[in-house]
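Below you'll find the structure, written out as structure tokens, and then a few comments.
The values are calculated or read from the model by the stated rules, or taken from the named source; none is laboratory data. Because the structure is predicted, anything quoted here is derived from the model rather than measured. Counting neighbours? That spans all protein chains shown, and the Cβs are built from the backbone with ideal geometry, glycine included.
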Amino acid sequence: MRHIASRASVKPRQQGVVLLIALIALVAMTLAALGLMRSIDTGTLVAGNIGFRQTAVASADAGVEAARTWLLSGGAGLTDNASMGYYSTRQDSLDITGNRTSGGTDGVDWGGSDPTQPTKAHDVGVIDATGNHVFWLIHRLCSLPGAYNVSGQDCAVSYGNSGTGSTQRTVDTPDQPLFGNPYYFYRVTIRVDGPKNTTSYVQTLLIN
């Protein structure tokens, strides 16, 4: 009778060990499933961000083309035209993205984003099927308003030789003699506001 009781007392202990192992395996499988789900979510998020970036770049290209068309139409003069987001000087201290300083008046008002800023970008609007909102800011690469040869001026210009053949070089001092009409360099900054509060910036140089 003692031997039979001993066998009966061992059986429940074995069942308890199996249950513990099953619980541990279940927890491990649950953690693995959660990790897989998070990995899939992260991959989807990354793919979505890449898609937003690609559409923003495409919209920025369209904005650059719109700015180039405006420049070729003769809109850029020797003085500022804030209503069109055009400035005849470089504005070297300008905080274009608003990340360098907080407050102050060295930032940009991108379509009403900060009306207190004196520098205004031009609202191009939604110019393609992506739904991205495009703004431009154009700076003539000169230190002062006016022509390239005014006193104290420092401009980046290009020009062609009136003789046979042609040459092209950058002039950054007003004392450098020019042959023919100078062509000014312009820095074009494009901002694209996309879905889910995404913002992208693209810069390029144009000559006119």
Being β-branched (Val, Ile, Thr) and within 16 Å of Gly194 (Cα to Cα) is the filter here; which residues of the stretch 91-132 pass it? Thr97, Val124, Val126, Ile127, Thr130
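Here are Gly107, Gly85, Gly98, Gly63: which of them is modelled with pLDDT of 95 or more and closer than 22 Å to Val134 by Cβ?
Gly85
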Those residues of the stretch 58-108 which are in contact with a strand residue (DSSP E or B) (Cβ under 7 Å, 6 or more places away or on another chain), basic (Lys, Arg) and either exposed (fewer than 15 other Cβ atoms within 10 Å of the Cβ) or in a loop (DSSP other than H, G, I, E, B) (or both) amount to Arg90
Single residue of the stretch 109-133 satisfying the filter (in contact (Cβ under 8 Å) with a residue 40 or more places away in the chain and not in a loop (DSSP other than H, G, I, E, B)) that is surrounded by the most Cβ atoms within 10 Å (Cβ to Cβ): Val124
Filtering the stretch 55-90 down to residues that are among the aliphatic types (A, V, I, L, M), under 30 Å from Pro195 (Cα atoms) and more than 19 Å from the chain's Cα centre (by Cα) yields Leu71, Ala82, Met84
Please verify whether Ala121 is within 23 Å of Asn208 (Cα to Cα) and in contact with a Ser or Thr (Cβ under 7 Å, 6 or more places away or on another chain), treating the condition exactly as stated. no
So which of Trp110, Trp70 ends up being under 29 Å from Val57 (Cβ atoms), out of contact with any His (no Cβ under 9 Å at 6 or more places or on another chain) and of a type in the set (Phe, Trp, Tyr)? Trp110
